[in-house]
């Protein structure tokens with residue numbers, strides 16, 4: 001899954017329901033934050049503000065209480 005970090009946001013592709021509770025968590029043991037649903041470059045995404053934390057770190061998506069690891073943000077460019 002392509003994780004996008006751009007314009008001050010961390011974004012994860014999302015194709016689920018608008019009515020779902022969508023959260024994004026970061027790190028090995030994630031603390032989840034509510035995500036905004038939006039679009040980026042024509043793709044639907046869930047997004048949170050980029051935490052500005054040192055990389056790399058794991059990224060998790062939790063939908064209606066069901067967490068899944070979606071990938072890892074790599075080293076900064």
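The values are calculated or read from the model by the stated rules, or taken from the named source; none is laboratory data. What you see is a predicted model, and the numbers here were worked out from it, not measured in a lab. Backbone-built Cβ (ideal geometry, glycine too); neighbour counts: all protein chains shown.
Residues to consider are 52, 8, 16, 74; find the one that is modelled with pLDDT under 95 and surrounded by 13 or more Cβ atoms within 10 Å (Cβ to Cβ).
Only one candidate passes the filter, namely 16.
When the residues of region 15-34 are filtered to those that are in contact (Cβ under 8 Å) with a residue 24 or more places away in the chain, under 18 Å from residue 72 (Cβ atoms) and not in a strand (DSSP E or B), which remaining residue is farthest from the chain's Cα centre (by Cα)?
28
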